[in-house]
Structures are given as C-alpha cells and as structure tokens.
1. For the protein assembly as shown, what does -39500 (n - 2.57) per DSSP helix run (n ≥ 4), summed and divided by total residues, give at 222 nm, in deg cm²/dmol to the nearest 500?
2. How far apart, in nm, are two points set 7 Å out from the Cα along the Cα-to-Cβ line at B:T373 and at A:E147?
3. Using only alpha carbon positions, build the gyration tensor of segment B:17-151, then give the equivalent ellipsoid semi-axes as the square roots of 5 times its eigenvalues, largest first, whole angstrom.
4. Run the simple label-point estimate for A:E104 and A:E117 please: 7 Å along Cα→C-beta, distance reported in nm.
5. Let me know the longest stretch in chain B that avoids all GluC sites (Glu not before Pro) found in a DSSP loop with at most 15 other C-beta atoms within 10 Å.
6. Separation between the B:D211 and A:E250 pseudo-spin-labels, each 7 Å from Cα along Cα→Cβ, expressed in nm?
7. Please report, to one decimal in angstroms, the Kirkwood hydrodynamic radius of segment A:138-259 built from all distinct Cα-Cα pairs.
8. Label point 7 Å out from B:E297 along Cα-to-Cβ: which residues of segment B:100-140 have amide N under 18 Å?
Amino acid sequence: MSALPKLAVWKLASCDGCQLTLLDCEDELLTLSGQVEIAHFLEASSAADPGPYDLSLVEGSVTTAADAERVRHIRAVSRRLVTIGACATAGGIQALRNFADVEEFRAAVYARPDYIETLATSTPVSAHVPVDFELQGCPIDRRQLIEVITAHLAGRKPGIPGHSVCFECKRRGTVCVTVAHGTPCLGPVTHAGCGAICPAYGRGCYGCFGPSSSTNLPALIPRLRTDGLDDRDVLRLLRTFNAYAPAFAEASTALDRDEGSTP
Amino acid sequence: MTHRGSRVLRVGSLSRVEGEGALHLRVHGGRVSEARLQIYEPPRFFEAFLRGRAYTEPPDITARVCGICPVAYQMSACAAVEDACGVSVGGQLAELRRLLYCGEWIESQTLHIYLLHAPDFLGCVSVIDLARTHRADVERGLRLKQTGNALMELLGGRAIHPVNVRVGGFHRAPTREELRPLYERLKRAMDDAWATVRWVSRFDFPDAACDEDFFALSEAGRYAIAAGTPTVLPGDGGPQRAFPVRDFSEHVVERQVPHSTGLQSELDGRRHLTGSLARYAINGRLLSPPARQAAREAGLGPVCRNPFRSIVVRAVEVLYAIDEAMRIIDAYERPPRPSVEVPPRAGTGHGATEAPRGLLYHRYTLDADGTVTDARLVPPTAQNQGAIEEDLRRLVQGAMDDGDPGDTELTALCERVIRNHDPCISCSTHFLELTVERV
C-alpha cells in the first residue's frame, strides 16, 4: 500500500487545457509522481483508484444534471477540493449561455435539440459544493499549479496573491500599453498569474484570469471608452472566459442595461 | 473458452483520451451488432455564442474549444475570417504561423505518443507507470514535448491558448535573435525525434487495416500544415481528388446521432479518416529528406493503413515538424509589421488547417461591420467518429472469431483501438443535416 497522499484530477465541461497544464509540468512531473500518488486522472492513466483522495483538482463547469451529481460525489470522496481554471472557478466561456436563452442556443447548434441534455446555466463548482481553493486562469498557470499542490503537501495555504496583472507588468518591466499607446487593457482589474504576457506581446490584457481580489470596474470602464472601445466592445471584453465571475458579470450586466444589446 | 451468445460491454469512461467519452458494444451470437463511441462531453455551444462577436474574436474564443490543439483552432479561425474579408496573409507572417503550428505538432503529437499511446504497447496504465520501467524513454518524451512547448511559448506567449495570434498575423513578430536559441534547442531535439521513431517502430503491432477514404489538405511542394486544398485518397484504390475549401459543406455532411453530442460525418457519402495516416498517405512524398529517411527506416511504405502504426507516423511527423521549424527559423527575416490590415466586410469565409488530429474546418459569415452572424466548426474527431466505430467493430469481430476474449481483454482492446486515433472529444461542437437512427 502506498503511503503517499492521493491526488485525483476530474473534468467537467471544459477544453482539457487546465489538466493538460499538469502534464505540461515536464520538469516536475516525475518528481511529483514520487511525492503523490496520482490515483485518478483519466486523461493520463487508465488505472482508477475509487478513493477517497487527499486532494482533488477539478476542471470544468457544471452544465448538466449528471455533472451536478458528480461534483457532489467528488466532494464526498475528497479531503480537499481545489478548482482549476476559469470553467471550474467562474463557469468558463460556456457561461455565456447564462446571459442568453439556452433553448435558442440548443436549437441553433443542433438539428435535434431534444437529444441534447443541458442545464440552462453553466456554473462554477462552488455554486454546488464547498471548495477549499480556487485557482483562476484560462488556462491556469503552471507555476501557480505547482504552488497549490506543493502547499497542500506541506499543509500550508497556497501563496497565490490576489493582486492585478498591473503588478506583473511592473515586475516584468513592460511599459504600460494603456499609458504609452492608449491600448484598451483589462490588466488593472484582472487577477495576476499569467506573468502579464499580453502587454509583453503588445496587446491589452483580455481578462482570461478573471477578476483580481479588488476590482474597480466603474473606474476602468470610462478609461476603456477613452481608449476607443464603445459599450458593445466593453461588454464583449467582459463577457468572454470569465463572464460569470461576479465582478465581471455585475459590470457587464449594468452595461447591458444601458446598452440594451447582448453580444 | 466459453462462447456466450449475447452480451453488452460498456466502458463507462475512456481513459488516456482527450475529453470524455464512453463505449457501448453489443454482441449477438458471436457477431458484433453494434459498436458505439459515445461522446458525453457536455455541449458548450460555441457556434451559438460566436454569433454577435466581433470578427477579431474567433481566434481567441475558439482556442478554448480544445486546450490540446488551440493553435489549430486559432489558425483555422484566422484563415476563415481573412477569407471572408478578402485578405490573404503570406510571406514571413505565413511562415511564422507555420512555425507556431510546428510547435503545436511537436507538443501535441509527442503528448499522444508518450503519454497516451505508448503505455498501451508496453503494458502500462500511464506514463508514470511507464517511467518505472522505461525512465530514459519517458524523460526523452518529456524533453521533446517541452521543446514544442518552448516554441509555442516564445511565439505565442504561452503553450495553452496562445495570446499572440490575431486575424492578419501576430500582435508581435519575434526578432531573428530571439528565435536563434530555439534553433539550437530544436537541433538537439532532432536526436530525441530520431530516437522516438526508432523506439516506436520496434513496438509489437497487431495486424490491422482500415479501408476508409483518407482526407487531408494538400499543398504544392510541401507537407500541408496551416493551409492547403482538401484532398481525398479513396480507400478502394480510386483516383485522388480535391475540392476547394469553400465547397467543404457540400462534401462533408454531418449528421446527429442520439448517442453522442459530437456529430458524425460522411465525405461524399462514405466513411472517412483524417489525421496522421491520411496526411502521410496524401503528402508523404513531400516530407523533408530526414523525415522521409525516418519513415523508410521505420518500415512505413508510401501508405500506411494499420491504425496501430499511427504512432510511427506521428513520430515521423514530429521529426518533420522539428526539421521544418529549423528551416523556417533559419530563413526568417522579421517582417516590417507583425500583421496585415484586415478591414471587415460582409461575406462568408472558409478556413481549413491540419490540427494534429486531422483536418479542422471553420466557416464564418460576417456582416458589414465585421460582426459574426453565423459560425460553423467541424473538428477532426467528429469526422473520424464513424471510422473509429468501424475499426472497433472490425477488430472486436476479429478477436471474437479468434476465440471469445473475456470482457477485460475486450475492453483493453477497444481502448487501444480508440487511442490509435488520438480522439479529442472536447471538440464536440454541433451539426447541420439530420438523420434519425432507428435502432
């Protein structure tokens, strides 16, 4: 019998990118496999241990009744449950249905919508069960993932700061794209973790890590307008990969009321 | 061995595939009456919510269909939007796109070879398990995969959902100096690629042959990756034929079946297969000299129809992608601007590129200000599903004829058959034409 802590990786509605992040830890993967027992990880292994598990990483959002049931099971067999990525943490891109009519979506995509089972909403795992930690990002960052797993093994709180992408730009020495070029950028309200790659590649942040721990969208939106976005553009920018994250959803819904059009 | 008249085999969750699927097999009197690959990945409605988005958004948005081949989605999206706007991107920008795509081929094909597929041939449940007995091989695979990731990270900003791609080109084009260290790294990776081809070519391959029509892009003078003309190599020995990308929907007709959220499709009324086997059969003579030599040494003829040997073809393609990436970097001159202007206009555009798993088609209709009014995505796995089911039916039948194997053995065989095709199940997207199956 293995005395190692048991790790499980689960997937709900998602693109697989966040669990792939674990397989992208090429330098750490074999070391990690000596410190935890990868007990359940369908994408990587055909051996499945029924649990219970010390740590469950959950990717993907809840979009079907069966997945809502499954997430309760995962909670029941996991000592700690960590969500990985925008889908599991904020409902993901598929949460765009939450601002629209899912019946219309279903009919637009499928000739036989009656074959397709889906809930009217895409919701984060925390809407269904208690969650111990939420790791943001679309996709999550490899270094942050290693930190979360390591912290769990050491029995401490993960050192994932809640500050914004702006801090990472400063640290990286990237000139502010908004100040220097008037490029619209969600950096001031977006959670750090990616390493501020978009500004380093000459584009504004598009918010794929979701809201930082303190956001001030009412202050940022006028600035986005000054930088050339109309309200429809701002609405689209907020409604992408983290559309259902409370801070973004609130701001976009307020805009939608003023604008009266939904992208 | 007992011979049972009738049984149903269910594999609840397929492992070591991308996305979520299950398998349902029905056997009556020693005959396989039904083999269904069931995709239960919940639908995510990409084609519905793309409507109303700006024409600049599909590359970032559709990347999220699949974390394992985001570049493929970005490239097909760019090609389709640019087609709608009447713009073509050539020169060094097109070369940079091909270079980024090489990074994804190296990363994704190596992931498939080492982490998903090789354990089947060596009797292991996972790459971790494999590392216990084949540590050096696994380390080589991880190193190779990391080289693909490094290429995507430099050019795309990150390996999963790169940020640097845009309609018209890139947000920022790298300098020659920035690409140089990558060249050195790729040069070292060549040794690992050769060792991979040799390693997988010595695996024990069951006898098998598929008879589907092969379907891949072809391009004049080079192995098609980021562009080309849809080309069909019939399985019955008929002549090769091609058609323009804009006619894709007339040839590839999709239907919805009750057991799957992914759609199934036929090409001119027949089952077809996209991906490495098809690409190699259609374009193999256009591989670079080292890749052709690797194919020869690995014992691949001009056409390989054994799905179990697809791992060898993938290894050859990894070697080619490395060679090609080095060629592009060597000849690279930084373009004066990182992208060309793409002014919006009303119209419909089509784009197809070669995802690691096969041909990926996008179509967008835009209105005059560039708002997307209609979107259609046809991923390779949806196209391959019929061929995978036929493979399952044929190989399970063969196993039954050779003496009825137990459920555990049969399950293992079915999982192997599915993994041969590198299915990417997250890409369940949508549909067009309806056929109701009455069982």
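Only the coordinates and a few stated rules stand behind these numbers; no lab work does. Note that the structure is predicted; figures quoted are calculated from it, not measured. Cβ: placed from backbone, ideal geometry, glycine included. Neighbour counts: every protein chain shown.
1. Working: 26 runs with 288 residues, N = 702.
Value at 222 nm, helices only, nearest 500: -12500 deg cm²/dmol.
2. 4.7
3. On the way: eigenvalues 229, 134, 29 Å².
In descending order the semi-axes read 34, 26, 12 Å.
4. Roughly 2.7 nm, to one decimal.
5. Details: sites that count: B:E333, B:E341, B:E437.
For GluC sites (Glu not before Pro) (loop position, at most 15 other Cβ atoms within 10 Å), the longest site-free span of chain B is B:1-332.
6. 6.5
7. Working: mean 1/r = 0.0667 Å⁻¹.
Kirkwood radius, segment A:138-259: 15.0 Å.
8. Only B:137, B:140 fall inside the zone, counting backbone N under 18 Å.
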